Amino acid sequence: MVQEGQPQGREKAVWWFQVRLWSVAVISIALLGVRFIVSCVVTYFTYDKTGKKLSELHTYYSSLTCFSEGTRVTEKAWGCCPSTWKSFGSSCYLISTEQNFWTKSEQNCVGMGAHLVVINTEAEQNFIVQQLNESLSYFLGLSDPQGTGNWQWIDKTPYMENVRLWHQNEPNFSAEECASIVFWNHRGWGWNDVFCDSNRNSICEMKKIYL
């Protein structure tokens, strides 16, 4: 009797082992399937939402250009600028083709949801000057309202803590209370103090619209 029962017991043990093995495999596959489905649903709704937002922006801004700037679903993946503006870093830039005095130039920028450009790095300036005409002078968002050497950026960026790229020996005249960027032969591009009521071109800057 004992000898006949031993093979039967082993068969039952093997059978239970196979059942457990298949159960683990089925559960693992089911969990992977659930994760995949959830991932697809999240991705679908996230990008569907982004697509709708893009569509709404294109309706509001008839000429908006967006750039993919992220790779993960959790990131803000799109940075948008009006199509006539240039994109660099987190900002959009418009080179004005009209000449106005400083205050009017700033008003024009504000009317477009922007302000006169604030240059924070040499790399930013190097990008901007590629868009400029070497025969023209362009207002910056930098002024010295009291003529006391207390230069101020239009967006309240601390002047003394920021990059300063003046031409050599500039600024040099207290009555010239606004700053421009200009190309001088043998010196290249740099900043110069100028009269605020002089007519010059200008550069507007606005933050990118992120989706």
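Values computed for the structure shown
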item: Residue within the range 106-126 that is of a type in the set (D, E) and over 26 Å from the mean Cα position of the chain (by Cα) present; result: no
item: Test result for E170, surrounded by fewer than 13 Cβ atoms within 10 Å (Cβ to Cβ) and touching a strand residue (DSSP E or B) at 6+ places or on another chain (Cβ under 6 Å); result: no
item: Whichever residue in the range 126-145 is part of a strand (DSSP E or B) and among the hydroxyl-bearing types (S, T, Y) and, among such residues, is surrounded by the most Cβ atoms within 10 Å (Cβ to Cβ); result: Y138
item: Test result for E205, surrounded by 20 or more Cβ atoms within 10 Å (Cβ to Cβ) and not hydroxyl-bearing (S, T, Y); result: yes
item: The lone exception for Y210 - which of (1) surrounded by fewer than 20 Cβ atoms within 10 Å (Cβ to Cβ); (2) closer than 22 Å to G113 by Cα; (3) modelled with pLDDT of 95 or more; (4) among the hydroxyl-bearing types (S, T, Y) it fails; result: (3)
item: All strands (runs of 3 or more DSSP E) inside the range 23-117 with 2 or more residues being at pLDDT below 90; result: 64-68, 78-82
item: Residue list for the range 97-124, restricted to those being farther than 21 Å from S198 by Cβ, aliphatic (A, V, I, L, M) and surrounded by fewer than 17 Cβ atoms within 10 Å (Cβ to Cβ); result: M112, A123
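The values are calculated or read from the model by the stated rules, or taken from the named source; none is laboratory data. What you are looking at is a predicted structure, and each value in this text was computed from that prediction instead of being measured. As a convention, Cβ positions derive from the backbone with ideal geometry for all residues, glycine included, and neighbour counts pool all protein chains shown.
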